[in-house]
Amino acid sequence: MVEGTYRGAHLPPNPYLHGNFRPVDEERTDDHVLPVTGAIPPDLDGTFLRNGPNPAVLPIHEEEYDWFGGDGMVHAVSLRNGEATGYRNRWVRTRALAASRGTVPPRGPSEPVNGPANTHVIRHGGTTLALAESGLPHALSPGLERARIHDFNGGLGSPMTAHPKLDPDTGELVFFGTDVFGPPYLRTHVVDTKGVLVRTEVIDVPRATMMHDFGMTASRLVFLDLPVVFDLGLATSGRTVPYHWLPDAGARVGVMPRNGSGADINWIGIDQTFVFHVLNCYDRGDAIVMDVVRYDQAFDTGAGEAIVSCLPALARWTIDPVGNRVSEQRLDDVPIEFPRVADATVGLPHRYGYCVRTGDQAEQPTFEGLIKYDLARDLSTRFDPGPYRFPGEPIFVKGAEGRAEDEGWVLSLVYDADRDASDLVILDSTSFAGPPVAIVHLPARIPFGFHGSWVPTGS
């Protein structure tokens, strides 16, 4: 058991250290059937995993803490035979955690920066990986209590994005990585179905910019070289996210054939903007359709403040590599984040998307509900979790008998402020507004985090 050092401590007025952003200070193992309201669909046989930042030790200068800086903590909810059979949470055993809390450090190669693995958790090729874009993946043991640095048997020598793309047709895992110690500052990689890294390409960019996500179609990759730039001065001052908004750096997207090299990339200038997350991306003839959550700017605030000063919105970019231009269509003015599509449509034409409806004040981040978009009919459906209940990223799981793109279940962790604990809410995607088909009442509070995955039993 690892315990933090802040039980009972006064938390400062930092948006990422109060409410349900505040960290939990213990690991739990609840291997027993959990209470459920409703009925868990029996075809949900597996484990819901979610990663997020949870500092084991509060920073000395608490006002400088931002959401990206906390130690990674993975939460797991197991579902079997129509029951919720257990919950557990574990800090990811990074070298940074070992230095601060005395845990066993991970085996494996050294990293340039011993940072957290706090952004995403996936399973591929039989290995569960905790991801953060600043370093190498951490392979987790089945019980989450052990980790090792995973460099694909020496094939990966630089950081991996927290947003890899799984090709639904080939089963390949496609990803990129940015390296602030470059050049090169950008590389792209392919891992086969067995977890073997089979390809790496170097892409020439002039500086280290923050590329959090990218686009993948059936035939091409799209990279986002936007004006949020690495700042060595911020890094040496101790800032956990050493980037700042630099309009003079320009903004562009790069289109590269998936079977090509860095020499084949075509860069196209766009208006200044920033994108954390891509909903999906697909080919439409010579053009590419790319749905993104866009901000007018980002990382333009001070330490200890919200990361952005403006609200996000869902937009569609139509990228024309032949005409060398990008057009934008605003799909919705409602602020949203954490976009997801069905895994089977990644890189292919999609009709539906699922997002968190965020609050209307950028300086006070909140999560108000969930939205399902029907982009073919220009419609949206909202799920309201109820008073004093706040959801996280929605994850779509295809139903066992599902044929249509949206026939399945949407899973989201929802914080219940009345009982200061969290629930796993399960929605029927075809009846998205609710009520939920099941609510798993968890024995603990799960702080707001980033991204997660559904891992079927036996995968």
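Laid out as a table, the results:
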| quantity | calculated |
| --- | --- |
| In region 127-156, residue surrounded by the fewest Cβ atoms within 10 Å (Cβ to Cβ) [restricted to those that are in contact with a Ser or Thr (Cβ under 9 Å, 6 or more places away or on another chain) and without any contact (Cβ under 8 Å) to a residue 24 or more places away in the chain] | 142 |
| Verdict on residue 293 being in contact (Cβ under 8 Å) with a residue 60 or more places away in the chain, in contact with a strand residue (DSSP E or B) (Cβ under 9 Å, 6 or more places away or on another chain), assigned to a strand (DSSP E or B) and surrounded by fewer than 20 Cβ atoms within 10 Å (Cβ to Cβ) | no |
| Tally of residues being under 18 Å from residue 380 (Cβ atoms) and not hydrophobic (A, V, I, L, M, F, W, C) across region 409-446 | 6 |
| Qualifying residues in region 48-69 (those that are in a loop (DSSP other than H, G, I, E, B) and not aliphatic (A, V, I, L, M)) - the one most open to solvent (accessible area, probe 1.4 Å) | 61 |
| Inter-residue pairs, beta-carbon under 7 Å, first closer than 18 Å to residue 29 by Cα and in region 91-103, second β-branched (Val, Ile, Thr), 6+ apart | 91/2; 92/74; 93/103; 93/104; 103/2 |
| Strands (runs of 3 or more DSSP E) (entirely within region 195-253) containing at least 2 residues that are more than 22 Å from the chain's Cα centre (by Cα) | 197-203 |
| Residue among 318, 345 that alone is modelled with pLDDT of 95 or more and surrounded by fewer than 16 Cβ atoms within 10 Å (Cβ to Cβ) | 318 |
| Subset of region 101-125 [surrounded by 16 or more Cβ atoms within 10 Å (Cβ to Cβ) and farther than 30 Å from residue 170 by Cα] | 101, 103, 105, 106, 111, 114, 115, 116 |
| Sole exception among (1) in contact (Cβ under 8 Å) with a residue 60 or more places away in the chain; (2) out of contact with any helix residue (DSSP H, G or I) (no Cβ under 8 Å at 6 or more places or on another chain); (3) not in a helix (DSSP H, G or I) for residue 116, by number | (2) |
| Residues of region 216-230 classified as over 23 Å from residue 344 (Cα atoms) and open to solvent by 40 Å² or more (accessible area, probe 1.4 Å), total | 1 |
| Unique match (being of a type outside the set (Lys, Arg), within 27 Å of residue 35 (Cα to Cα) and touching a residue at least 12 places away in the same chain (Cβ under 8 Å)) among 388, 373 | 388 |
| Complete set of residues in region 18-37 that are open to solvent by 60 Å² or more (accessible area, probe 1.4 Å) and under 22 Å from residue 457 (Cα atoms) | 28, 29, 31, 32, 33, 35 |
| Residue that is farthest from residue 127 (Cα to Cα), among those in region 184-215 that are among the basic types (Lys, Arg) and open to solvent by 60 Å² or more (accessible area, probe 1.4 Å) | 207 |
| Region 400-423 residues that are touching a residue at least 24 places away in the same chain (Cβ under 8 Å), paired with ones that are in a loop (DSSP other than H, G, I, E, B) and charged (D, E, K, R) (beta carbon under 7 Å, 6 or more apart) | 400/43; 405/351; 412/393; 415/445; 420/445; 421/445; 422/445 |
| Test: residue in region 231-244 that is modelled with pLDDT of 90 or more and touching a strand residue (DSSP E or B) at 6+ places or on another chain (Cβ under 7 Å) | no |
| Residue that is farthest from residue 20 (Cα to Cα), among those in region 449-459 that are buried (at least 16 other Cβ atoms within 10 Å of the Cβ) and of a type in the set (Gly, Ala, Ser) | 453 |
| Considering residues of region 254-266 that are small (Gly, Ala, Ser) and open to solvent by less than 30 Å² (accessible area, probe 1.4 Å) only, the residue nearest to the chain's Cα centre (by Cα) | 254 |
| Criterion: at pLDDT 95 or above and under 17 Å from the mean Cα position of the chain (by Cα) - qualifying residue of 32, 75 | 75 |
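Matching residues to (1) open to solvent by less than 50 Å² (accessible area, probe 1.4 Å); (2) farther than 18 Å from residue 227 by Cβ; (3) not in a loop (DSSP other than H, G, I, E, B):
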| position | (1), (2), (3) |
| --- | --- |
| 268 | yes, no, yes |
| 275 | yes, no, yes |
| 278 | yes, no, yes |
| 281 | yes, yes, yes |
| 289 | yes, yes, yes |
| 300 | no, no, no |
| 310 | yes, no, no |
| 314 | yes, yes, yes |
| 329 | no, yes, yes |
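The values are calculated or read from the model by the stated rules, or taken from the named source; none is laboratory data. For clarity, every value in this text was computed on a predicted model and none was experimentally measured. Counting neighbours? That spans all protein chains shown, and the Cβs are built from the backbone with ideal geometry, glycine included. Ligands, DNA and RNA are stripped out before the accessible areas are found, and what is left, the full protein with its side chains, is counted by its heavy atoms. Shrake-Rupley method; radii C 1.70, N 1.55, O 1.52, S 1.80 Å.
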